[in-house]
Each structure stands twice: as structure tokens, then as C-alpha cells.
Amino acid sequence: MTYFTGGLVKRLIPFFLIIILFINTVISADVSEGELARLRGAFMGRIITDNPGKEDEIRKCLALMVRDGNTGSRLIDRFGFFLYDSSRNNLELEKIRFLKDSGTAVFFIVMKDSSDGQMYSLYLEYGISGGSSITLRDTYFSMIYGERIKSVTKFFGGRD
């Protein structure tokens, strides 16, 4: 029985790898690397402009990894994808406030709906651990995010 199970597992591993690669390709197909780089640059430019004198600590913070098990992604990449999703929903970045003290980084983001001019806010509070990773501690969403609070929290690194 163990021979059959081991052989079956060996035959199924390539199948599962192909499925995983296909899923990743479909997800990343929406945003090209060039578009993501542009969005990261737009976010970085805006946060530096809105928070003069904090460029070094902003860059260091946004380079930290948001861990998800054994994997993770840089915080700046998550903000780039957030801007992509926001633009698809007619939301434009208005202002970003960045606050940091020992062990905590806070982002307060104000967005404007280009279709009706309404303003929305997003508050993200991260804990910095060990100097290389960052963990979402707290969030606040204005009404537009109410229905998506769980998915947005998970996107920025929170747990279910």
C-alpha cells in the first residue's frame, strides 16, 4: 500500500505545481511588472511628498516584509497592488500620513472617489519585529470598505 501511495503522490506533485503556477499567472496577469513599478513609484512619491523629512524611515519601512507563513511580500508591493485596485474602483490617492516610533508604523491614507468626489480613509497600524518584517496590528476603514473589511485586512497582512 505504501508503494502505491508514494507512487501516486509522485505522479500528482507535477499536477499540483502546474495548477499553482496557473493560479499565480492568472492573478499576476492583471498587473504587469512595469505597471506595478509605476504604482509603487506613485505611492512612494506621494508618501514622501506628504511627509517631508521622513524619507529614510519611509523607505526602510516600505521595504519590510509582510510575512504569510514561510512566504511574504514587501509592504511597498502591497501598496502598489492597493493603488491598482483603487484605480479600478475610481479611487484616487489624495494624502498619506506616515507616523513611526520604536516598533510601530502607522499609515493614514485618504482617497477620493473620482465619480462623486466623496472622500474615504484607510488607517493601517503595523508592528515592526526584528527589523526585517512587519505585522498588521490594527485597521480602520471608512464606509466604502465596510463590506470588504476582512479581505482588505487580510490583503495588508492581517489574519482572518
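The values are calculated or read from the model by the stated rules, or taken from the named source; none is laboratory data. On a predicted model such as this, the values are computed, not experimentally measured, just so you know. All Cβ positions, glycine included, derive from the backbone under ideal geometry; neighbour counts span all protein chains shown.
The number of residues in segment 112-134 being surrounded by 14 or more Cβ atoms within 10 Å (Cβ to Cβ) and under 21 Å from Lys54 (Cβ atoms) comes to 9. Residue count for segment 73-121 under the criterion of being assigned to a strand (DSSP E or B), touching a Leu at 6+ places or on another chain (Cβ under 9 Å) and farther than 14 Å from Phe43 by Cα: the result is 5. Considering only residues that are without any contact (Cβ under 8 Å) to a residue 12 or more places away in the chain and either closer than 11 Å to Ser132 by Cβ or part of a loop (DSSP other than H, G, I, E, B) (or both), which ones fall in segment 55-72? Lys60, Gly69, Asn70 - these are the residues of segment 55-72 that are without any contact (Cβ under 8 Å) to a residue 12 or more places away in the chain and either closer than 11 Å to Ser132 by Cβ or part of a loop (DSSP other than H, G, I, E, B) (or both).
Among the residues of this structure, Phe81 does not count as one that is aromatic (Phe, Trp, Tyr) and under 14 Å from Tyr126 (Cα atoms). Only one of the numbered conditions (1) outside any helix (DSSP H, G or I); (2) over 19 Å from Leu36 (Cβ atoms); (3) modelled with pLDDT under 90 is violated by Thr153, and that is (1). Summed over segment 56-73, residues that are surrounded by 13 or more Cβ atoms within 10 Å (Cβ to Cβ) and charged (D, E, K, R) total 4.
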